[in-house]
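Step one of this worksheet: look at the structure below.
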Amino acid sequence: MPADLPATQSASTDELIQRCLEGDQIAWDRLVHQHWRRVFNVAYKFVGSHDGAEDLTQEIFLKIFKSLHTFDRRANFQTWIVSISRNLCIDHYRSVRKERETIVRGVDAGELSPVSRTMSPQAVLERQDQVRLLKDALQALSPSLRTAVLLRDIRELTYQEIADQLGLPEGTVKSRINRGRTELARQIERLRPRREHAASGPQFKRGPQ
């Protein structure tokens, strides 16, 4: 959270907005300071973690800054900010869900766990095929991207935990995870048709008995 600013700005929100639009960094810092906690609380409700909410709050304020010129001064600024926050959080949630679905499209990370005794032989075979597809797709990634994806999406470590484990800045970790997810999805799409074709195999007609 931004540090407390000197109490020299008793300006109204409208005045602060105008100063922001004129390029006044101090005015922008003041607006962020005033509304950070409210935006953070909205973000936290969506992501459920402090680190994730911090990152998302930063993104939200960037969006607010870029959209500030569109704000209708007759409206309530606080309501406008909350609306932007919720919309961006919803977009973020959908994006994350889509990324995870892409990674595990037909291949659930949970399938790497031991086979259940209650599964049918057909289900076991299908799951084994899916696991092999995921493993082969992962092996096609560079070591750095593969490690990032495994730590985040298979072991479900936090960004900070991964950063600590790899000795990297958190921003680098996030970048690798995003690139790894994109590349993994591409590899799965590349490998799946080959697997399906190989599984079907040549079809032979049975001769007369």
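Remarks
- Given (1) farther than 30 Å from Ile177 by Cβ; (2) open to solvent by 90 Å² or more (accessible area, probe 1.4 Å); (3) at pLDDT 90 or above, index of the condition Arg74 fails: (3)
Residue-by-condition table, conditions (1) open to solvent by 50 Å² or more (accessible area, probe 1.4 Å); (2) within 15 Å of Gln78 (Cβ to Cβ); (3) among the hydrophobic types (A, V, I, L, M, F, W, C):
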{"position": "Ala27", "(1), (2), (3)": "no, no, yes"}
{"position": "Val32", "(1), (2), (3)": "no, yes, yes"}
{"position": "His35", "(1), (2), (3)": "no, yes, no"}
{"position": "Val39", "(1), (2), (3)": "no, yes, yes"}
{"position": "Ala43", "(1), (2), (3)": "no, no, yes"}
{"position": "His50", "(1), (2), (3)": "yes, no, no"}
{"position": "Ala53", "(1), (2), (3)": "no, no, yes"}
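- Of residues in region 141-166 being over 13 Å from the mean Cα position of the chain (by Cα) and of a type in the set (S, T, N, Q), the one farthest from Ala53 (Cα to Cα): Ser142
- Criterion violated by Cys89 - all others in (1) over 22 Å from Gln160 (Cα atoms); (2) buried (at least 16 other Cβ atoms within 10 Å of the Cβ); (3) in contact (Cβ under 8 Å) with a residue 12 or more places away in the chain satisfied: (1)
- So Ile81, is it assigned to a helix (DSSP H, G or I), aliphatic (A, V, I, L, M), over 23 Å from Gly171 (Cβ atoms) and at pLDDT below 90: no
The values are calculated or read from the model by the stated rules, or taken from the named source; none is laboratory data. Since we're looking at a predicted model, the values are computed, not measured. Positions of Cβ are backbone-derived with ideal geometry, glycine not excepted, and every protein chain shown enters the neighbour counts. Just so you know, the surface numbers come from the protein's heavy atoms only, side chains and all, with ligands and any DNA or RNA stripped out. Shrake-Rupley method; radii C 1.70, N 1.55, O 1.52, S 1.80 Å.
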